[in-house]
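One structure below.
The values are calculated or read from the model by the stated rules, or taken from the named source; none is laboratory data. In this text the structure is predicted, and so the values were computed from the model without any measurement. For neighbour counting, all protein chains shown are included, and Cβ atoms are generated from backbone atoms with ideal geometry for every residue, glycine included.
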Amino acid sequence: MDLAELDLTTAHLADACIRANIPVRTATLTPVIPGTRTSGRVLPARHAGSVDVFLEAIDRSRPGDVLVVDNDGRTDEACVGDLVVLEAKAAGLAGVVIWGLHRDTHDIRAIGLPAFSLGANPTGPLSLRDRAPEALSTAEVGQWTVTADDIVFGDDDGVLFVPAAEADALVAKARSIRDVERAQADRVRQGESLRSQLRFDEYLASGLTFREHLRKIGGAVEE
């Protein structure tokens, strides 16, 4: 599921999760190449101070997977550099998501594979740690635990994880949200304010909550 081909954003999908009562599992990660997007099955790998876990994960991968690296959100070391990103691209992966830092920014941008991280740091791994038993089966990204049963989407707003089993339904909801919001935006550009479209004066006098008002008039900015 390619965000660009779907013409969707992570914001559309996050709103779809809210409407479907599915936990909104997001992380504020930044694309190394601004404007790039990624999506694919989660390929988890927990960093323990050595790149071998990434190579092992890539060796098990399927084309279109996204390598999701768990380095505990550390900001004192980078755990992914250009060689890992290049290897991921050569294996047909769709991107790399890092709960931690990257380095070799210039070279990663030249490679062109979408990569997301908390930022950059020239320092590589500072120590070798014991590998967790679940190093290749789960990854922690912020407060979320993700597995190969999840799909990750990433763009300039960050990354979002959704259950693979729910992805088609969420995409359908996201498309509906996108279409309504684009129609509303077009009407604003044509001179009809959003307040007018949503009959905001009626809301102020109604005593209803804003969401109750939206349900009443069929609006769909938050509802």
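Being under 17 Å from residue 38 (Cα atoms) and surrounded by 14 or more Cβ atoms within 10 Å (Cβ to Cβ) is the filter here; which residues of segment 103-118 pass it?
Matches in segment 103-118: 108, 109, 111, 113, 114, 115, 116, 117, 118.
Assess whether residue 72 counts as being closer than 19 Å to residue 131 by Cβ, surrounded by fewer than 19 Cβ atoms within 10 Å (Cβ to Cβ) and touching a residue at least 24 places away in the same chain (Cβ under 8 Å). For residue 72, the condition - closer than 19 Å to residue 131 by Cβ, surrounded by fewer than 19 Cβ atoms within 10 Å (Cβ to Cβ) and touching a residue at least 24 places away in the same chain (Cβ under 8 Å) - is met. If I filter segment 3-22 down to residues being part of a loop (DSSP other than H, G, I, E, B) and touching a residue at least 60 places away in the same chain (Cβ under 8 Å), which single residue comes out as surrounded by the most Cβ atoms within 10 Å (Cβ to Cβ)? The qualifying residue surrounded by the most Cβ atoms within 10 Å (Cβ to Cβ) is 8. Each residue in segment 177-209 was checked for being in contact with a helix residue (DSSP H, G or I) (Cβ under 9 Å, 6 or more places away or on another chain), over 23 Å from residue 17 (Cα atoms) and among the polar types (S, T, N, Q), and 4 of them qualify. Testing residue 123 on (1) in contact (Cβ under 8 Å) with a residue 60 or more places away in the chain; (2) farther than 26 Å from residue 162 by Cα; (3) hydroxyl-bearing (Ser, Thr, Tyr), one condition comes back false. Which one is that? Condition not satisfied by residue 123: (1).
Identify, please: which residue in segment 97-112 is touching a strand residue (DSSP E or B) at 6+ places or on another chain (Cβ under 6 Å) and either small (Gly, Ala, Ser) or free of Cβ contacts under 8 Å to residues at least 40 places away in the same chain (or both) and is, among those, farthest from residue 40 (Cα to Cα)? Once the filter is applied, the top-ranked residue is 103. Screening residue 151 with (1) hydrophobic (A, V, I, L, M, F, W, C); (2) within 30 Å of residue 78 (Cα to Cα); (3) modelled with pLDDT under 95 gives one miss only, at (3). Residue 131 meets each of the listed conditions (1) crowded, with 24+ Cβ neighbours inside 10 Å; (2) modelled with pLDDT under 95 apart from (1). If the condition is being surrounded by 18 or more Cβ atoms within 10 Å (Cβ to Cβ) and under 20 Å from residue 144 (Cβ atoms), then segment 75-100 contributes 79, 80, 94, 95, 96, 97, 98, 99, 100.
Among the residues making up segment 137-154, those that are of a type in the set (Asp, Glu) and either closer than 11 Å to residue 27 by Cα or surrounded by fewer than 19 Cβ atoms within 10 Å (Cβ to Cβ) (or both) are 140, 149.
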